[in-house]
1. Looking at I65, I9 in this structure, which one is surrounded by 16 or more Cβ atoms within 10 Å (Cβ to Cβ), part of a strand (DSSP E or B) and at pLDDT below 85?
2. Please go through the stretch 116-153 and pick out each residue that is closer than 17 Å to T167 by Cα and hydrophobic (A, V, I, L, M, F, W, C).
3. Any residue in the stretch 60-79 that's at negative phi and without any contact (Cβ under 8 Å) to a residue 12 or more places away in the chain: show its pairings with residues that are basic (K, R) and in a strand (DSSP E or B) at Cβ separation under 8 Å, as long as the two are six or more apart or on different chains.
4. List the strands (runs of 3 or more DSSP E) that sit entirely inside the stretch 129-176 and contain at least 3 residues that are under 17 Å from V119 (Cβ atoms) and either in contact (Cβ under 8 Å) with a residue 12 or more places away in the chain or of a type in the set (S, T, N, Q) (or both).
5. Out of the stretch 136-176, which residues are at pLDDT below 90, loosely packed, with under 13 Cβ neighbours inside 10 Å and of a type in the set (G, A, S)?
6. Which one is nearest to D83 (Cα to Cα), of the residues in the stretch 42-62 that are part of a strand (DSSP E or B) and in contact with a helix residue (DSSP H, G or I) (Cβ under 8 Å, 6 or more places away or on another chain)?
7. Of these, N87, N95, N113, which one is within 23 Å of N162 (Cα to Cα) and at pLDDT below 70?
8. Can K125 be described as at pLDDT 85 or above, surrounded by 15 or more Cβ atoms within 10 Å (Cβ to Cβ) and basic (K, R)?
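The values are calculated or read from the model by the stated rules, or taken from the named source; none is laboratory data. Model, not experiment: these values are computed from the prediction. So basically every Cβ, Gly included, is an ideal-geometry build from the backbone, and we count neighbours across all protein chains shown.
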Amino acid sequence: MKRILTIVIAMLAFAASAQKVEARFTESKFIKASGKTVEAEGTLKLYSADKFELRYTKPAGDYFIIDGKMMSTSVKGKKTVVDTEKNAAMRTHRNTLMNCVNGNWKQAATDNNASTSVVEKGANKVVTLSAKKSAPRGYSKIMITYRKSDNIPVELVFEEFNGTVTTYKISNIVKK
């Protein structure tokens with residue numbers, strides 16, 4: 001479930017550009033409980049601000065699709081469809097992401113009791129949301145590095161309260 005939430009957040013961030021985008025991504029997930037790192041990669045196609053598909057080439061056959069309020073996944077052959085209108089946890093994560101994607105970091109921080117900072121680093125800007133207090137689940141920190149030229153993310157880091165850290169690196173970005 002956390003992998004799905006992380007993927008949702010990472011991939012919806014592409015919606016900030018409100019344009020069609022294709023890209024490659026790599027995913028590196030450090031799981032504190034086991035001390036292991038899991039690697040994955042694939043391709044992304046963004047069709048609109050609320051519709052995209054994420055297809056994994058490693059592990060092959062996995063996918064993640066958002067179409068409006070519906071999220072569909074296939075992980076190791078197990079398929080799932082979630083209506084975010086009926087699932088409060090997924091809706092909260094989606095709304096947080098959408099606020100971040102649309103540049104409304106202050107609202108996302110308010111909704112999640114987090115502080116925000118924006119730092120410019122060369123051709124990029126780094127947006128950080130930091131939780132003000134711990135929680136049983138969710139993210140202690142989200143850092144998104146955007147290209148200033150078109151507001152498309154090139155790196156996303158998600159730190160969970162349990163110590164798991166997932167990093168996405170986006171490359172070969174093609175705007176359609």
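1. I65
2. Those that are closer than 17 Å to T167 by Cα and hydrophobic (A, V, I, L, M, F, W, C): V126, V127, L129, I142, M143, I144, I152.
3. Filtered contacts from the stretch 60-79: Y63/R55; S72/K79.
4. Numbers: elements: 139-147, 153-160, 165-175.
Those strands (runs of 3 or more DSSP E) span 139-147, 153-160.
5. Within the stretch 136-176, S149 is the sole residue that qualifies.
6. Filtering first and then ranking leaves F52.
7. N95
8. On the way: at pLDDT 85 or above: yes; surrounded by 15 or more Cβ atoms within 10 Å (Cβ to Cβ): yes; basic (K, R): yes.
So K125 passes the test.
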